[in-house]
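Asker: Sharing a structure, written as structure tokens. Questions coming.
All of the numbers you see were taken from the coordinates with simple rules; none came from a lab. Keep in mind it's a predicted model, so treat the numbers as computed, not measured. Cβ placement follows ideal geometry from the backbone for every residue including glycine, while neighbour counts extend to all protein chains displayed.
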Amino acid sequence: MTDELSILGIECFAHHGVFDHERRDGQVFRIDLVLGVDTRPAAASDDLAETVDYGGLVDRVVAAVERDPVDLIETLAQRIADVALLDSRVEWTRVTVHKPDAPIQATFADVRLTITRRRAGETAGNRTGKEEAPA
């Protein structure tokens, strides 16, 4: 069984984008992070060591967003997913990168990309990391 832990609206200032002015001037990015985690061990023990330390995770996500620039939010989203999946308790993650100040001439509310990633080798319903035999 997997529960969902959500951390929404993580605000970062970074220098990502394909245009020179984006790299030079920077802009705000907002990150929504959803983690698939079995929270039963933490609920039973009431011990932080049994669950994801989301404060520490947010610090690592902000550091990942603010480090070396990339052209695409697709690359940035994958970088964030990789950080989230470093914690072995995270079975999957859904990352949304919001780029509200994207260089678009029309009036718009937001540009956002959402990706979902599972731990390598896992498929839905398979947490062993081994391939399931076909039925």
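Asker: Only one of Phe19, Phe13 is among the hydrophobic types (A, V, I, L, M, F, W, C) and touching a helix residue (DSSP H, G or I) at 6+ places or on another chain (Cβ under 9 Å); which?
Answerer: Answer to the selection: Phe13.
Asker: If you don't mind, another one. Assess whether Val61 counts as being over 16 Å from Ala84 (Cβ atoms), among the β-branched types (Val, Ile, Thr), out of contact with any Gly (no Cβ under 9 Å at 6 or more places or on another chain) and surrounded by 11 or more Cβ atoms within 10 Å (Cβ to Cβ).
Answerer: When the stated conditions are applied, Val61 does not pass them.
Asker: Taking the stretch 74-93, which residues are among the polar types (S, T, N, Q) and under 8 Å from the mean Cα position of the chain (by Cα)?
Answerer: Gln78, Thr93
Asker: Any idea how many residues of the stretch 20-35 are touching a residue at least 60 places away in the same chain (Cβ under 8 Å) and touching a Ser or Thr at 6+ places or on another chain (Cβ under 9 Å)?
Answerer: Counting residues in the stretch 20-35 that are touching a residue at least 60 places away in the same chain (Cβ under 8 Å) and touching a Ser or Thr at 6+ places or on another chain (Cβ under 9 Å) gives 5.
Asker: Specify which of the listed residues (Val65, Val52, Val18, Val34) is within 24 Å of Val111 (Cα to Cα), touching a strand residue (DSSP E or B) at 6+ places or on another chain (Cβ under 9 Å) and outside any strand (DSSP E or B).
Answerer: Every option except Val65 fails the conditions.
Asker: Failed condition for Ile7, given (1) out of contact with any Leu (no Cβ under 6 Å at 6 or more places or on another chain); (2) under 26 Å from Arg119 (Cβ atoms); (3) assigned to a strand (DSSP E or B), with all others met?
Answerer: (1)
Asker: Between a first residue in the stretch 101-120 that is touching a residue at least 60 places away in the same chain (Cβ under 8 Å) and surrounded by 14 or more Cβ atoms within 10 Å (Cβ to Cβ) and a second residue that is of a type in the set (Val, Ile, Thr) and in a strand (DSSP E or B), which pairs have beta carbons less than 7 Å apart while being 6 or more apart in sequence or on different chains?
Answerer: Cβ pairs passing all conditions: Asp101/Val28.
Asker: State which residue is surrounded by the most Cβ atoms within 10 Å (Cβ to Cβ) when the search covers only the stretch 18-34 and only residues that are in contact with a Pro (Cβ under 8 Å, 6 or more places away or on another chain) and closer than 16 Å to Ile80 by Cβ.
Answerer: Residue satisfying both the conditions and the ranking: Arg30.
Asker: Next question. Scanning for something in contact (Cβ under 8 Å) with a residue 60 or more places away in the chain and either farther than 18 Å from Arg119 by Cα or over 11 Å from the mean Cα position of the chain (by Cα) (or both), does the stretch 51-71 turn up at least one residue?
Answerer: No, every residue in the stretch 51-71 fails to be in contact (Cβ under 8 Å) with a residue 60 or more places away in the chain and either farther than 18 Å from Arg119 by Cα or over 11 Å from the mean Cα position of the chain (by Cα) (or both).
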